[in-house]
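The structure under discussion appears below in the form of structure tokens.
The values are calculated or read from the model by the stated rules, or taken from the named source; none is laboratory data. Only a predicted model underlies this, so the values are computations on that prediction, with no experimental measurement involved. When we count neighbours, we look across all protein chains shown, and the Cβ atoms used for this are built from the backbone with ideal geometry, even at glycine. What goes into the accessible areas is simple: the full protein's heavy atoms, side chains included, and nothing from ligands, DNA or RNA. Shrake-Rupley method; radii C 1.70, N 1.55, O 1.52, S 1.80 Å.
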Amino acid sequence: LIETLAYCYSQAAPLKMKVHDNVLVRLCPYLNDFSRPYTDAANAAFAGDLNDWRQIAGKIAIWDYIANFSNYLIPHPNYGTFGDNLRLYAANNVVFVFSQGDFGSENCGDFIQLKAWVIAHLLWDPSSDERALMKEFLNGYYSPAAGEILLEVIDRCKAVFATAGKPLGCYRADANDWLSMETLQQALRRFDEAAAALEALPEEQRPVCRERLRRARLPYDIAL
């Protein structure tokens, strides 16, 4: 196969040509609002382009963007969108998906282990329940008591961003235009509560869960 990128200026499909069978078109949702599913009206241009490519190309690949490439470590509330996105791909001749996440950040970032695990399961089976996968991971990775608290932190962060009415691009230097000091302090208090909940675990389980929780908290410490 010969691959070509449908990216930025070339995202829109051509009007008067078909794609040869040996060409793989890799469509890149670079301009999307990543806080919303690609089925949302805010991302209508991308969904339309995907449909247009489907009409003329037998094979479509996706280069997706899961991280904030200007600052890997700050909160990046794109949770809850991955299932809808992958189901959209599955319905539109997409044969390959590359979900580009964080790298070079020493395994620290905004719940990057959660996102990687959930996306891996959804790539295997796009019909899976994303919310159920999130709960399964949080409870298994951080412990059930801490996992429930962390899900509340995630939900609160996503709700606050939605209230701000701003698009979530994949190049944001900081979170200052939507994440208030009050919200950050609330999140940090919840992390303290999650840390306290770990004390109920068997002693041999506590060190690894403490370290995982410490890393999960770092994006909120950094955003202060």
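Measuring r between the beta carbons of A164 and K16 and using R0 = 35 Å, the FRET efficiency lands at 0.25.
Counting only DSSP H runs of at least 4 residues, each contributing -39500 (n - 2.57), and dividing by the residue count of the chain, the helix-based mean residue ellipticity at 222 nm comes to -15000 deg cm²/dmol. Overall, the accessible surface of the chain at a probe of 1.4 angstrom is composed of carbon and sulfur to the extent of 55 percent. Summary value for the chain: 21 percent relative contact order, contacts being C-alpha pairs under 8 angstrom separated by 6+ residues. Averaged per residue, the range 51-106 has 40 square angstrom of accessible surface, using a 1.4 angstrom probe with ligands and nucleic acids left out.
To the nearest ten degrees, helix 112-124 and the longest principal axis of the Cα atoms of the chain are 40 degrees apart. The separation of the range 99-117 from the range 149-196, counted between C-alpha centres, amounts to 17 Å. Computed over protein heavy atoms with a 1.4 Å probe, the accessible surface of the range 112-185 works out to 50 Å² per residue.
Across the range 112-207, Cα pairs under 8 Å and at least six residues apart give a relative contact order of 26 percent.
Our estimate of slack between I56 and V95, defined as 0.36 nm per intervening residue step minus the Cα-Cα distance, is 12.6 nm.
Lysine pair count for the chain with Cα-Cα distance under 21 Å and sequence separation of 8 or more or different chains is 6.
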